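First the structure, which I've put down as structure tokens, then a few questions once you've had a look.
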Amino acid sequence: MTRAQRRWHAAIWLLLAPVILYLLIAALTARPAVWAPPSMDPAADPGADPGADPGAGAAAHETADHVEDRP
Amino acid sequence: MSVGYVTVQWNRHKRVYDSLVGGGVALYLALFIIAGKTLYTGAHAISDEILAIRALGTCAYLMLHVVLCTGPLARLDRRFLPLLYNRRHLGVATFLVALAHATIAIGFYHGFGNVNPFISLLTSNVNLGSLSAFPFQLLGLAALLILFLMAATSHDFWLKNLGAPAWKRLHMVVYLAYALLVLHVALGILQTQRSPWLAGLVGAGVVIVAGLHVVAGLRERGHDRRGAQRTARVNGPWVDVGCVDDVPDRRGMTATVGGGERIALFRYDGCISATTNVCAHQGGPLGEGRIIDGCVTCPWHGWQYRPGDGQSPPPFTERIATHRVRVVGRRIQVDPTPLAPGTAVTPARIEEDHHG
């Protein structure tokens, strides 16, 4: 190869490799997770009370169980 | 090299190589499909069409890696030169396997609607702003078109009519095709196949291809620098480039003078001749070649030139630049200004009575 072609090859790969790797990592991290935590978006659960404490339902359920366990 | 154009330049070596490539592709496809049928059964079974799409796609992807790695590997180690000699056929085979992958994929995913499959391919997914839902098939289509351009111009007709520098620049577009294919895979199959091994293999492929090119480039630069340090200007235009004993008989040696192209030096029949190091065919390093049948023979594709005048032996018409050369004692001195391609230069005779 000519001197110019050798330089072009090295320069292209020095520039191209980080770009390809960056886009590859961006594509992999953009994947939706297989296991996703429960959505905190009120729009995802139309029946939910938007002003309610997210933990309130679970707490109330625990209280009800506790009450039922009472003799 | 040939006088006229033929559809495919086959010789015994290329027939053996092509048979190995054809057999290797068939074996890979068979093993992939058998493994897919064996490993995924019941509710996880994969249809024949999808297995064929994946087998052909991964095969073409692997073949492209081999094509891209061949150049730097041949520069790093001479044992890979046979791969370089046959690279053109492997490149065309890669395109054909990729075409088969695309044909089945377009037919399977876009062929059963009431819209033309190509219209469906171009219009069914327009999520250009989303990475996870990006129309990755369009990236594959763009890469396939580039591979078609490469395969269609992989012929001496185009090499001759475009000229070696323009042809070489055109074929460097294959690097863009590779980048598009990495994204085609990353935004396609890797979005649903969660195996870290698969993602790791794709990343490793990029690192290997890019790493080999960079390492080969750095080695060439080091070679140029060391070569430039060995040379020393003597009187007039003459530059001392080494000792005649550094050049093996019937072989070549390269010398780097200033910022110019490398000069190839050849020792044969008690003489030294100097030509440019750049082969007129695809820029192969002539100085790493040998003298065969009295001609300088390029190590890449076997193109030949007479060392005394840089002309290919009849009936061939290719010509390369020559350099004036002389031997003073045991030292070789060359004039770094290249002469017009095909200019005859009297070879410098080595005074053998000084030897040993």
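The values are calculated or read from the model by the stated rules, or taken from the named source; none is laboratory data. Bear in mind that the values here come from a model prediction, so they are computed numbers and not experimental data. Neighbour counts run over all protein chains shown; Cβ positions are idealised from the backbone, glycine included.
Check B:Pro307, B:Pro315 and return the single one that is surrounded by fewer than 23 Cβ atoms within 10 Å (Cβ to Cβ) and away from chain A (no Cβ under 14 Å). Before the answer, list the steps.
On the way: B:Pro307 fails: surrounded by fewer than 23 Cβ atoms within 10 Å (Cβ to Cβ).
Of B:Pro307, B:Pro315, the one residue that is surrounded by fewer than 23 Cβ atoms within 10 Å (Cβ to Cβ) and away from chain A (no Cβ under 14 Å) is B:Pro315.
Within segment B:125-167, work out how many residues are touching a helix residue (DSSP H, G or I) at 6+ places or on another chain (Cβ under 7 Å), without any contact (Cβ under 8 Å) to a residue 60 or more places away in the chain, more than 14 Å from every other protein chain (Cβ to nearest Cβ) and not in a helix (DSSP H, G or I).
1
Could you list all residues from segment B:276-297 that are buried (at least 22 other Cβ atoms within 10 Å of the Cβ), touching a Lys or Arg at 6+ places or on another chain (Cβ under 7 Å) and polar (S, T, N, Q)?
B:Asn277
Could you list, in sequence order, all residues of segment B:192-222 that are more than 20 Å from A:Ala27 (Cα to Cα) and over 20 Å from the mean Cα position of the chain (by Cα)?
Listed by number, the list holds a single entry, B:Gly222.
If B:Gly270 satisfies every condition in (1) touching a residue at least 12 places away in the same chain (Cβ under 8 Å); (2) in contact with a Leu (Cβ under 9 Å, 6 or more places away or on another chain) but one, which is the exception?
Every condition holds for B:Gly270 apart from (2).
Next up: Can you confirm whether B:Thr103 is modelled with pLDDT under 95 and surrounded by fewer than 17 Cβ atoms within 10 Å (Cβ to Cβ)? Give the steps one after another, and end with the answer.
Working: modelled with pLDDT under 95: no; surrounded by fewer than 17 Cβ atoms within 10 Å (Cβ to Cβ): yes.
No: the conditions fail for B:Thr103.
Could you name every one of the helices (runs of 4 or more DSSP H) located completely within segment B:170-278 that has at least 1 residues being within 14 Å of chain A (Cβ to nearest Cβ) and over 30 Å from B:Leu141 (Cβ atoms)? So that I can check it myself, show each step before the final result.
On the way: elements: B:174-187, B:189-192, B:196-230.
Of the helices (runs of 4 or more DSSP H) lying wholly inside segment B:170-278, those with at least 1 residues that are within 14 Å of chain A (Cβ to nearest Cβ) and over 30 Å from B:Leu141 (Cβ atoms) span B:196-230.
If B:Val115 passes every condition in (1) in a loop (DSSP other than H, G, I, E, B); (2) surrounded by 19 or more Cβ atoms within 10 Å (Cβ to Cβ); (3) among the β-branched types (Val, Ile, Thr) but one, which one does it miss?
It fails just one condition, (2).
Quick check on B:Leu83: is it touching a residue at least 60 places away in the same chain (Cβ under 8 Å) and not β-branched (Val, Ile, Thr)? Show your work before the answer.
Details: touching a residue at least 60 places away in the same chain (Cβ under 8 Å): no; not β-branched (Val, Ile, Thr): yes.
Considered against the rule, which asks whether it is touching a residue at least 60 places away in the same chain (Cβ under 8 Å) and not β-branched (Val, Ile, Thr), B:Leu83 comes out as no.
Scan segment B:222-238 and tell me whether some residue there is among the β-branched types (Val, Ile, Thr) and surrounded by fewer than 17 Cβ atoms within 10 Å (Cβ to Cβ).
yes
Within segment B:225-242, is even one residue at pLDDT below 90 and closer than 30 Å to B:Ser154 by Cα?
There is no residue in segment B:225-242 that is at pLDDT below 90 and closer than 30 Å to B:Ser154 by Cα.
Any residue at all in segment B:212-228 that's more than 20 Å from B:Val345 (Cβ to Cβ) and touching a His at 6+ places or on another chain (Cβ under 7 Å)?
yes
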